[in-house]
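A short worksheet on the structure shown next.
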Ligand code: FES
């Protein structure tokens, strides 16, 4: 059965940095800033450790969107892991496109540890974007 | 009381945290107290700090042996194996002698049992009492039962018992019966305390009673700390920069400096040191938030940008961001006709009275003049940080706190008190066996029972593939509940544990306790926040959510492996380069802890600039250090010697020394302190040649000659900032203003009739040295400010030396015929090229050694095991150099005091069999933690330097590098489960 747009609940993987976005998410949680629940947060120590494999895996396993949250430039706990990831990002967009995923399904944002409201805002916004785009074509293009 | 603490740290602000961490890292048991119900002090109110406008407090966390503390935002809380944090607790009496003190403290009742409170907020919803929100500068309201710091972890409530009406509503709704309004304060006695660090801060001035500013009368006049709250997303307006009266964004904002500081009338004859930079930062944020056309004006007397990189920060604010700087003490703030606006009247540069209208005014407040030190402060065995008597910026507080830690460690070791060796539970044999997971469903004192039962979680969990046992506990937070779990882990087959409980950050410290008794490493345990998931109202499919999370974590745990742990022995010798006050202090700090020190000095004598120093006090201080170091059996000195090579990793370095005669020596050491110092800058090449025009240093030397007759030195002009604070040497040298003042006063002493003029840009008499400035003015010394672009001119006319300037007070040009013109030429670092390349550390554009982080890790360099202090790092006074030396010594001691360093569970490791030696990981590693071992032909990871950031693993084309705790299959499985 094809789901109608309105009950399309996107599945979103958020790979987030322990020091900033993860803390901001926590802050959003404790300040009761609710954000859509269909985000699966995976804690990384730094965006620098995010292997392109993880992103591809997430898309191939059916994620409708992948969100990466890291420290603001200059703020990375490990000097510049965030910028190293940013460099990888361009390549990543190209790769997922080759696999048939719209590059807008992958989003990188800097969210500082004290930015609970920004976290909430970013999540809501990303979900909206994905909702507008509709389900990911992952099922159709699955390769073995 | 059965506290194992042998050190107490009073005050859990930035200094207290630094000191507690220092001592905990040396292995001492520390109890960190604060009378406030939350830790963090003033810092909790500051989201971002200059000069990089971010927060980096997490960089203070231990850099190695990181498994000892939770790796998590330090603003939210601190969890370290050796530190116990006690809040709402105030010390009232101290007895006994260093090494064996008894401390009495009172723990205030907060009305809430912290062990039971689950932070559910039900109480806050029903509390009928609203009071001004003190955390947010009273710009909003809070309930009588509240969270002391909105983002703190754990997020347990406290009750403001003064405001509480004891209506009992909260007691009724609390699901865990955590509230007890009848509780009374408890007296705690700590026995057997080795020493106490006093780091209680200086408080913050309250300008409420200063009529001229209208604080309290006009809502749009706020203090700088209130402005920080307005900027903060956890603040009263959720981070929108709006003004209190009408909640509109202000278009014109004024900052008024020195409110309550530099004001002898109210007992504040000091400078609070950090406010100038704070105001510039705030002005920059205002522009960033509200747009660059926002008008920001800073009214100041002197912009005290005396830190190494601060002048450039100010210049950038002025030139690139158009922050306006107006030099004056304002006359008053009054309401303007327009609703809420403020009229600020002052006298401008040309002597004209001006009335300017602003939408909002920020009062830059600092140290509280009324704050007194507690009675016990002078008790032997108590060592106070400088930050209890002076307001200072974070970097200085951190240095001072580490300096105090060093003194305390020295005191303890001379009293024969050693840190206890920690017994770690041996790894349980089970761990190596095939994965078997114990899931513990915590009902959180019954409050999650419904969720667990309705969803039949136990039954659902059985469906996860793999060996899984399930148990339900009433509350793992209770000792009883935790014992139950221990029992099962000790006797059952499980070797991995997954809790479904509350917030992971709150819960994790408990995992450590469990790990210690069960021998199952804490990396083999995890937590899912069942409570959080349940509360998230947006959830459509609660069971799906919960199971998903549990399965994600279970998969990760199933994949966990024990990482091969290399244990590295430590070479217990330190190498100190430079023998000025900083280097000597570092050497002595280490030698006092039984570490051998090799002290290398390039010149033929030790003491740095000792020969050029005339200040009796400073001479005595350095002289003493020199004598102590010369006599110390553990310190070996090499003068006329340079370090020409250094290789290896922290704990195991090899250095090569070259002596003046060409001979070379090899030194094996575990850590190095760079203290290569600096010295006076030469006068600019275009200085007129006349023996009346001399450097400040030369005038100082002249006046200190024995038997000097100053009778015919009748007019002297001092000129500040010669070559300093403008490109290419755009930094404040920090010592010249004070030196000019002291020299001028000496002159007045020798010849009371001497007329003295000081041309200055900004008098940098920060902190307590402001008193010299006040005294100098009282003695009739005339101070004339000038701007960088309108420097006074020095001329020679028929043998007479004339200084032509402009006096803004008289509002006319002045021309002074001088018997001496003393030029304050400032400080420059000694050349550091060789030392920087030898030790692979970065330098600044001005030729100083770059520290790892100017605020949070001021004496570390980017390379673990290499430290920097004193003039090599930036301009400092001699007493500050001593503090930095001690701090650097202490940082090195963290490594050198150990016999071995174990690899962290979070460090990277290499699967050599599939490594292609492409060395890409070496190139990307931000900590220089990787190298090729030429003998083995392998890539090696230095577990001390490795911080576990994982950049290597992400870049490795072969998947040969793995991170202990973030091993890739685990992450892949977690992703799979998440989408399952
Ligand atoms: S630590 Fe947050 S992105 Fe590197």
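So what is the relative contact order of chain B, in percent, for Cα pairs below 8 Å that sit 6 or more residues apart?
Values: 2141 pairs, mean separation 115.1, N = 980.
Relative contact order of chain B: 12 percent.
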Seminar exercise, completed: Checked the stretch B:682-825 with the C-alpha gyration tensor, a ≥ b ≥ c its square-rooted eigenvalues, rounded below a/c of 1.5, otherwise prolate if a/b is larger than b/c and oblate if not; verdict rounded
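Assuming R0 = 30 Å, what is the FRET efficiency of residue B:627 and residue B:753, from their Cβ-Cβ distance, to the nearest 0.05?
Details: r = 40 Å, r/R0 = 1.35.
The pair residue B:627/residue B:753 has a calculated efficiency of 0.15.
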Seminar exercise, completed: Within 10 Å of the Cβ of an average residue in A:19-25, the count of other chain Cβ atoms is 4
Exercise. To the nearest 10 degrees, how steep is helix B:479-491 against the longest Cα principal axis of chain B, on a 0 to 90 scale?
Worked result: 60 degrees
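Evaluate the relative contact order of the stretch A:5-133 (contact order divided by residue number), counting alpha-carbon pairs under 8 angstrom at least 6 apart; express in whole percent. Let's see the in-between values first.
Numbers: 216 pairs, mean separation 48.0, N = 129.
About 37 percent, as a whole number.
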For this session: Evaluate the distance, in nm, between pseudo-label points positioned 7 Å from the Cα of residue B:814 and of residue B:114 along their respective Cα→Cβ axes.
Result: 5.8 nm
Exercise. What is the average number of partner chain Cβ atoms found within 10 Å of a Cβ in A:49-58?
Worked result: 6
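For the stretch A:5-133, go through all pairs of different Cα atoms, get the mean of 1/r, take its inverse, and jot down that Kirkwood value in Å.
Numbers: mean 1/r = 0.0687 Å⁻¹.
Roughly 14.6 Å, rounded to one decimal.
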Problem set entry | Cα→Cβ-extended label distance, 7 Å offset, between residue B:316 and residue A:98, nm | 3.9 nm
Problem set entry | Sequence ranges B:7-20, B:169-182, ranked by mean other-Cβ count within 10 angstrom, highest first | B:7-20, B:169-182
Problem set entry | chain B: angle of helix B:275-290 to the longest principal axis, Cα-based, in degrees nearest 10 | 60 degrees
For this session: Report the residues of the stretch B:814-850 in range of a label on residue B:708: point 7 Å along Cα→C-beta, backbone N strictly under 15 Å from it.
Result: B:819-824
Exercise. Expressed as a fraction of 2.2 N^0.38 Å, the rule-of-thumb size for a compact globular protein of N residues, what is the C-alpha radius of gyration of the stretch B:327-368?
Worked result: 1.29
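Assuming 0.36 nm per residue, please report the length gained on full extension of the stretch residue B:350 to residue B:639 beyond their Cα-Cα distance.
Values: separation 289, 0.36 × 289 = 104.04 nm, distance 5.63 nm.
Residue separation times 0.36 nm, minus the Cα-Cα distance, leaves 98.4 nm.
Inside 10 Å of the C-beta atoms of A:36-44, what's the mean count of C-beta atoms belonging to other chains?
Details: counts 4, 10, 7, 2, 9, 3, 7, 4, 6.
Going residue by residue through A:36-44 and averaging, the value is 6.
Express the C-alpha Rg of chain B as a ratio against the empirical globular expectation 2.2 N^0.38 Å, rounded to two decimals. Don't jump to the answer; show the numbers that get you there.
Details: Rg = 30.7 Å, N = 980, 2.2 N^0.38 = 30.1 Å.
For chain B, the normalised Cα radius of gyration comes out at 1.02.
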For this session: Classify the stretch B:207-365 as rounded, prolate or oblate from the Cα gyration tensor: take a ≥ b ≥ c as the square roots of its eigenvalues, call it rounded if a/c is under 1.5, otherwise prolate when a/b beats b/c and oblate if not.
Result: rounded
Exercise. Hey, any idea what Rg/Rh is for the protein assembly as shown, computing Rh the Kirkwood way over Cα pairs?
Worked result: 0.98
For this session: Determine, for each peptide in B:44-50, A:110-116, B:543-549, the mean count of other beta carbons within 10 angstrom over its residues, then list the peptides with the highest first.
Result: A:110-116, B:44-50, B:543-549
Seminar exercise, completed: Pseudo-spin-label distance residue B:421 to residue B:131, built 7 Å along Cα→Cβ, given in nm, is 5.1 nm
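Determine the shape class of the stretch B:110-183: with a ≥ b ≥ c the square roots of the Cα gyration tensor eigenvalues, call it rounded for a/c under 1.5, and otherwise prolate if a/b is greater than b/c, oblate otherwise. Please report the intermediate quantities before stating the final value.
Values: a/c = 1.81, a/b = 1.27, b/c = 1.43.
The shape class here is oblate.
Arrange B:223, B:187 by Cβ neighbour counts within 10 Å, fewest through most, would you? Please report the intermediate quantities before stating the final value.
Numbers: B:223 22, B:187 10.
Going from least to most buried by this count: B:187, B:223.
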Exercise. What is the stretch B:904-976's relative contact order, in percent, from Cα pairs under 8 angstrom and six or more apart in sequence?
Worked result: 42 percent
Exercise. Helix B:394-414 sits at what angle to the longest principal axis of chain B, using alpha carbons and giving 0 to 90 degrees rounded to 10?
Worked result: 70 degrees
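Any read-out appearing in this document is the output of simple, stated calculations on the displayed coordinates, not a laboratory observation. Predicted, not measured: the structure shown is a model, and the values here were computed from it. Ideal geometry is used to build each Cβ from the backbone, glycine not excepted, and the neighbour counts take in all protein chains shown.
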